[in-house]
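*Asks:* Dropping the structure in here first, questions after.
The values are calculated or read from the model by the stated rules, or taken from the named source; none is laboratory data. Keep in mind that this is a model prediction, so the values were computed, not measured. With ideal geometry, Cβ positions are generated from the backbone for all residues, glycine too; neighbour counts draw on all protein chains shown. These area figures cover heavy atoms from the full protein model, side chains too; ligands, DNA and RNA do not enter into them. Shrake-Rupley method; radii C 1.70, N 1.55, O 1.52, S 1.80 Å.
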Amino acid sequence: MRKSDSETVFLQRLFIQLTILSRVCYTVDMAVNEINLEPTVPQQQVTVNCLYSTYAYFYSPTFSFCGESHDAWEIIFLNNGEVTIETDTYEQVLHKGQLFIHKPYEFHKIRANNVACNTCFISFLADGDALYSVAGRPFDTTPYTRQLIWRILDEGMLYLAGKNYIPPRW
């Protein structure tokens, strides 16, 4: 498996974990024979402890955010358009369908690159060092990953209703 494939699988597992609240064990009763299925629990490289926010913003072509830092991990997904993400140590362009992960306490800014954008944000706390290996660089997303991102955003709006709302700053 290529490194990019394993990173894609890792990110998909992260997104799945963000959508699951509990594990379920099943017992099947088949008339005469009762079959108890034993679950296989995959080794977790990251444990998501809490979800802080899920946002989706539409940015004008001239949008520019002055920056922030916080204790949460932050995933930025660009549904369409093009943005530039800037930190103290790098500047990175994100294109349609790409995602990017900011580390906790990393000061970061974002601006539209002269085109209207639809940008999504997910912030969360997590244990495990594996996220550090994928943070700080863009990733192309698969249709399945995009589906998971939209599911997290939809469920996050319900789960977090009224909490941690941060309006876009112009």
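*Asks:* Scan region 81-100 and report the pairs whose first residue is of a type in the set (G, A, S) and whose second residue is assigned to a strand (DSSP E or B) and open to solvent by 20 Å² or more (accessible area, probe 1.4 Å), with Cβ atoms within less than 8 Å and a gap of 6+ or a chain change.
*Replies:* G97/N79; G97/D140
*Asks:* Further question on the same structure: Identify the single condition in (1) exposed (fewer than 13 other Cβ atoms within 10 Å of the Cβ); (2) assigned to a strand (DSSP E or B) that K109 does not satisfy, given that it satisfies every other one.
*Replies:* Single failed check for K109: (1).
*Asks:* Which of the numbered conditions does L158 fail, given that it passes all the others? Conditions: (1) farther than 16 Å from F15 by Cβ; (2) outside any helix (DSSP H, G or I).
*Replies:* Result: L158 fails condition (2) only.
*Asks:* Of a type in the set (F, W, Y), open to solvent by less than 10 Å² (accessible area, probe 1.4 Å), in a strand (DSSP E or B) and touching a residue at least 60 places away in the same chain (Cβ under 8 Å): does that describe F121?
*Replies:* So F121 does not fit the description; no.
*Asks:* If we keep just the residues of region 38-68 that are open to solvent by 100 Å² or more (accessible area, probe 1.4 Å) and either modelled with pLDDT under 85 or β-branched (V, I, T) (or both), which is farthest from the chain's Cα centre (by Cα)?
*Replies:* E38
*Asks:* Consider S123 carefully, then state whether it is farther than 22 Å from Q12 by Cβ and not β-branched (V, I, T).
*Replies:* Taking the combined requirement at face value, the residue does not satisfy it.
*Asks:* Determine the pairs where a residue that is charged (D, E, K, R), located within region 54-73, has a partner that is outside any strand (DSSP E or B) with Cβ atoms under 8 Å apart, the partner being 6 or more residues away or on another chain.
*Replies:* From region 54-73, the pairs are E68/F107; D71/P104; D71/Y105.
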